[in-house]
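As structure tokens, the structure follows; a few thoughts come after it.
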Amino acid sequence: MTESTRDVTDGGETVGIESLGNDRSPFDQVSETTLSRKERLQQKYDRLIVAPGRILWSDWRARVGAAIILLYVLMGTVGVWLTEPTQLNDAPRLLLPFQDWAHPLGSDGNGRDLLRLTIHATPHMLQMILAGAVFTTAFATAIGAVSGYLAGSATDRILMTMTDIAMTIPGLPLVIIVAVALEPESAWLIGIIVVINYWAGLARTIRSQVLTIRRAEYVEASKTLGLSTRSIVTKDIIPNVMPYIFVNFVNAARQVIFASVGLYFLGLLPRVSANWGVMMQDGYTGGALLTWSAAHWLLVPMVTIVVLSFGLILFAQGTDRIFNPRVRARHAKSTSDENTDDEEESTATPVGAIGGGR
Amino acid sequence: MTANETAANTTEASRRWFLRLSGVAGATALAGCFGDDNDGDNGGEASLPDGPDDDTVYDQAFTSDTWSLPQELQVNPHNPTNHDDELPQILFEPLMWMNNRTQELVPGAVQDWELDGDAAELTLRDGLVWHDGESVTADDLANKLRSEVILGATLNDFIDHSDDITVVDDSTVELSLNRDSFADEVFFPVISQLNIDMPESNYGDFLDDLQDAEGDEEAVGAVEQELADFAPEDPLGCGPFEWESADERLLVLTRFEDHPDADVINFERFEFQQVNDNNQIWQGVQGGDIDGTGPVFTPPEIVDDMPDHVEEIQIPAMWGLSVVFNHANDILADRAVRQAMAYVINREQVVTNMTPRTGAVVEVPSGITGNFTGAPDEWFGDRKGEFDQYAPSESDHESAATILEDAGYEKQDGIWVDESGTPIPAQIKVPAPYSDWVDAADTVVQNLDNFGFAAEVLTRDEGAYWGEYVEGDFQILFSGWADGTVPHPYFNQGFLLNDAQNQEWASYPAEVEAPSLDGGTETYDIQEEIRELAGLGNDADAEQAKVQRLGYLINQELPRLPVQEKSDQVFLSGDEWAVPTGDSDEAQVPWPPYYLPREGYVYADN
Amino acid sequence: MVRYYLERLTQSIITLLAVVTLSFGMIRLMPGGPMEMMRARLIRQNPDLGMDRINRLAENYVGFQPDRPIHEQYIEYLTMLAQGDMGDSYEFGRPVVDILAEALPWTAFVMSLSLLLMFVIAIALGALMAYREGSRFDTSWTVTSVTLTSVPYYVAAILLVYVFGYQLGWLPTGGRVAHTAEAGLNGEFLVSAIRHAVLPVASFVITGFGALAVAMRGNSIQVLGEDYMRVARLRGLSERRISFRYVARNAILPMWTSFLIAIGAMFGGSVILEEIFSYPGVGYYMLQAIEMRDMPLMMGAFLVITIGIIIGVLVADLTYGMLDPRASRGGGAQ
């Protein structure tokens, strides 16, 4: 990550692209004035989209993960457009799945079609995920990047103190209290609330990564050249933390799912009739655990949630490979790391707060 | 008549309240196991067990459920925290029991009761003993009644001063009522809900203080506060089982030999196991951990999956779901709007969705309970046809539209609005943990929506629900519509019209101009009307006429719209126990696990 | 060194202050307060009470005049806290400190056990996967890990209790310890406590080890490709020595942040998990308090959970110092 070019290996094959987002090596750079605007854009496009795309496609985990995510997105857009929302008594009560193809997943205790209910719950969930993940990632990146770049300064200390405090405040209890107090109904707002202090861990990770990058030569070079802080941060640093940002975006998304479903399940958020967590709650209180005739009511949303989380995580795992060639470095001699001090923070797989869930 | 007879003092809602009557989702707890595939049979015929074969007292425990942490439980009836509703029924001696099917009182601590004019006489049962050995005397009974009068409970509507309660001899208490025209069915049920639960050794000082403070509201309030904080360390009861031990999971009571019923009780322990939600209760019954439950809302699928030996007892609750309108809202204060909504709401569909097996549709909204047994028809007599039914089994768009249009409303862009263009408010607030109410709300909203009201369901957690209800911060809200313990319309119509929940929280006026059963409109003074109803005990015809009159008022005015009347479900396990079948008359006494053993209808049977 | 700890102490105090202020504020915003809940309960339990009486009793229950200005209440609460008094729970009528002091050890017990097991399993598994990278072992465990991480811990809890508690009856379905066991360090008590903790711990561990194992795997692979590994091999060090001195140390250190975050996650997650298992720990009481609007208990529990996290992080910090000799500042990596 500290060199201007890398060999990205994939099963031994060198794909040989320029490093992502880093076009500032003093030696390799083609003078920008010699390229036409169109060619520059073309270059960028290749670098940022085509090449990673190809690598993505080559890794089965990214492929499968992306497919799953795409499925849900389709469900939440096309699916909603194609099907009618389900009403009470559309179907006989507690119809079992795979009995009647008009209601493939069966129905709940009030005769609502489970498949359509699941589909129509998707947009709300996608909105929450988007809101929460974007908020978390953006906020964490901003704080982490600035803090890392200005490490040692007063700004850094203040920001890190804030971050530590946010990290220490227990997440789920805080979320519950805020949710009960504010009774949010907008999906965007809920999405942000359920991960309200999740950004702290991410910010720390990003900060340490930035610390690593900060000492890279190309950053030195930029500084020597007199480029503004803002320019350095956006052009040098952020692109190099992209992998972490990306993976953490996915983690945040997963956290949004877990936390929001948990809260809906407990009835702590205002009820939305088409919602996976609420479906779980209804199934649970409707005795899904006690009798097979209602078990599907609980299982359908549970499976839905697990599959989406699975897709997200798998995708993150797959992309990690692209971004971090050192994972494959057992076989290929990769670049050396000069920053042994901060090495402890440059984890190959930034984990975020997956352990145990909040 | 007396200063105490205000809207505030009339009987309020059921002591069996939402929490267990509806499905409480709230705390998620443990999973359940599969039941057998057999049906939980209700038993075709009603039958009672014969009685134990021998005199052995088995070292067996009958386990029931409690929602509190047993180690925190306390038994002071005036201390509202850490209280279990059913425990007093087995630890103490209820004055009387009520059979909800026959609607007759059953003797308890009070063996005999009589009302003659304004003099009531209660005879105490022989042989009751406190668990420390002291006899229960008429003084204990009198003290309990006196404290109720001084503290301003419902009894206060009938008796003015504690001096009106006198002890005649060791087992007789005389009460001097403040009117000579109360009906038996109006007065005695009020007492029946009390227990002999204030032994002098624990409460002697409080009782003295109360008597001293009587008449001075502030002084009484001060004693009341102290009393509310008191939790006796060693709970002293007088029922068939005495307090043994309590920890975080289990409360254990042991058989008290000197209780008059002890000879039909052949098991050593009565236990209460802590539960967090209904799933755990169902679980416990299926798995054999729980032998007798309190009232617990149970969906049909789960009942069907219960093992064969489990008996389900359905007891009419004399209570149910109603749609409460906020009369502080100008549009909802218009009778036409409420009537239109009544036509649009398909009550049958609501009942089918919320309580398919245990609910009855309220056929004629009138504040009279008994939709299971046909009791309303008796009160209606031959005037039933004059009441509006508001299409109980369908969503009658035509009638609703007519009423609205006649009242000046119109449909704009698919939504009904008033003259100024304001849409008719239709936000329905429901407590989130009551799953069957949420189902009902979904149905109602769908009904209203399809007609053209901008309806939506707003769920709130319990604290928020009550908070907003009390503050009047709602448009439409679900709540109960009857008293829930007593069948007489004085209590139920009284609740619906006069209770603080209606008068203060829903802002229903104390005086209202409304159509009269005999034609035309007139002004009703609600409090006065209810008061009169209480005093028609000597004149059955006048009583019936009054009930019809008030019924009509409710029927036309719809201060709240009664939708459903429900039955409570109680389960008894026949595994290692002999229990009556679910349909027996004798089992219709709330609540069976605490009543039936005393009669020898539940006993250990291996 | 001293300065560092002083800084940490100040930060902790600020954190606690933030927690108190936040909960104070949020609680005031909550619709329906303890008075409403008590009113509801009174109506429910005593059908005979008049509204006046209900209001009086509800006020008595709450114990203070609700009209006092917020800042006064705030200062008063802070003063109480400084003296180690968290007020009395409305619901249980006992000092909050007593209730939580009794509950905390149980929560800590489950949390520590979960954390320990989760990390031990994750580290061992991750290293193993790294060593056998590309093998079927590696792939299958990666997939398993990812799948298990996709399951929310509360879903796992429900399923586990269902299978092992109710269906098979092998493990208790609720509570902290059998009520027949006497408290103390005797065998019966300990065994019972462990039996009651198995399912809650399993819920956390089964759904938590996966992500950490994969991270560990990644770290290990990275380390295995390092130059110094080559050097170590060239030097002729035994594979075993290599794995412990180099791989383990260097691969584990990056997990440290995850460990910190996991501490917070566990304590926070206890709120839901203890509810599911009827396990009266701090999380259980907090959720009950929220539902009953029992403010002193709610704030107290929130504080105690936060303190738990602070202590946990402190302990982790100290151990980090032992693990990483490169730690420049006393005890802190970042």
Check your understanding: Once both labels are modelled 7 Å past Cα along the beta-carbon direction, what's the C:Thr139-C:Arg3 spacing in nm?
Key -> 5.5
Study note, to complete from the structure: Between the Cα axis of helix B:200-213 and the main Cα principal axis of chain B, the angle (0 to 90°, nearest 10) is 50
Check your understanding: Where does each of C:164-173, A:85-94 land if you order them by average Cβ count within 10 Å, highest first?
Key -> A:85-94, C:164-173
Study note, to complete from the structure: Within the set C:Leu29, C:Leu224, C:Leu253, GNM on chain C using Cα springs under 10 Å gives the largest fluctuation to C:Leu29
Exercise for review: Return the aspartates and glutamates within reach of A:Lys223: Cα separation strictly under 20 angstrom, same-chain partners fewer than 8 residues apart disregarded; answer none if there are no such residues.
Suggested key: A:Glu3, A:Asp23, A:Asp28, A:Glu32, A:Asp156, A:Asp236, A:Glu338
Review point. For the Cα atoms of chain B, what angle does the longest principal axis make with the long axis of helix B:335-344, in degrees from 0 to 90, nearest 10?
Key: 80
**Study point:** Debye intensity ratio I(q)/I(0), log10, chain B, q values 0.05, 0.10, 0.12 Å⁻¹ (C-alpha model)
**Key:** -0.22, -0.91, -1.30
Check your understanding: Taking the Cα atoms only, what angle lies between the long axis of helix B:540-557 and the longest principal axis of chain B, rounded to 10 degrees?
Key -> 50
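Return the calculated 222 nm mean residue ellipticity for chain B, to the nearest 500 deg cm²/dmol, obtained by summing -39500 (n - 2.57) across DSSP H runs with n ≥ 4 and dividing by the residue count.
Numbers: 18 runs with 180 residues, N = 606.
Value at 222 nm, helices only, nearest 500: -8500 deg cm²/dmol.
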Practice item. With a Förster radius of 25 Å, plug the Cβ-Cβ distance of A:Thr229 and A:Met162 into 1/(1 + (r/R0)^6) and report the FRET value to the nearest 0.05. Key: 0.80
Practice item. Place the peptides C:266-276, B:370-380, B:401-411 in order of packing, highest mean first, counting for every residue the other Cβ atoms within 10 Å and averaging per peptide. Key: C:266-276, B:370-380, B:401-411
Check your understanding: Relative contact order, percent, of chain C when contacts are C-alpha pairs under 8 Å separated by at least 6 residues?
Key -> 24
Review point. Mind checking which helices in chain C clear 24 Å along their axis (Cα) and have mean Kyte-Doolittle hydropathy of 1.6 or more, DSSP H runs only?
Key: C:96-131, C:295-323
Study note, to complete from the structure: Quick calc, B:Ala333 & B:Ala545: beta-carbon distance into FRET formula, R0 25 Å, rounding 0.05, result 0.30
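Between B:Asp180 and B:Glu114, how high is the FRET efficiency from 1/(1 + (r/R0)^6) when r is the Cβ-Cβ distance and R₀ = 22 Å? Nearest 0.05.
Details: r = 14 Å, r/R0 = 0.63.
E(calc), rounded to 0.05, equals 0.95.
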**Study point:** Gap separating the Cα centres of region B:317-339 and region A:187-210, nearest whole Å
**Key:** 46
Check your understanding: For chain C, which longest stretch is free of loop sites, where a loop site is one of the trypsin sites (Lys or Arg not before Pro) that DSSP puts outside H, G, I, E and B and that has at most 14 other Cβ atoms within 10 Å?
Key -> C:133-325
Study note, to complete from the structure: Each label sits 7 Å from Cα toward the beta-carbon; between B:Val57 and C:Leu78 the label points are separated, in nm, by 6.1
**Study point:** chain B: relative contact order as a whole-number percent, Cα under 8 Å and 6+ apart
**Key:** 24
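Would you tally the net charge around A:Leu117, using a Cβ to Cβ cut-off of less than 15 Å, leaving A:Leu117 out, and scoring K and R as +1, D and E as -1?
Overall, the nearby charge balance is -3.
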Practice item. Over region A:142-237, calculate the relative contact order: mean separation of alpha carbon pairs under 8 Å at least 6 apart, over the residue count, as a percent. Key: 40
Review point. For region C:56-173, what size does the Cα cloud have along each of its three principal axes, sorted from largest down, in whole Å?
Key: 70, 35, 23
Point to revise | Listed peptides B:114-123, A:159-168 by packing density, highest first (mean Cβ within 10 Å) | key: A:159-168, B:114-123
Practice item. For region B:201-280, state which GluC sites (Glu not before Pro) are in a DSSP loop and have at most 11 other beta carbons lying within 10 Å of their beta carbon. Key: B:Glu233
Study note, to complete from the structure: What the Cα atoms of the protein assembly as shown span along the principal axes, largest first and in whole Å, is 112, 75, 62
Practice item. Would you mind computing, in nm to one decimal, how far apart the modelled labels at B:Thr254 and A:Trp57 are, each placed 7 Å from Cα along Cα→Cβ? Key: 8.0
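Every read-out reported here was derived from the displayed coordinates using simple, explicitly stated rules and does not represent laboratory data. Keep in mind the model is a prediction, meaning the values are calculated, not measured. All Cβ positions, glycine included, derive from the backbone under ideal geometry; neighbour counts span all protein chains shown.
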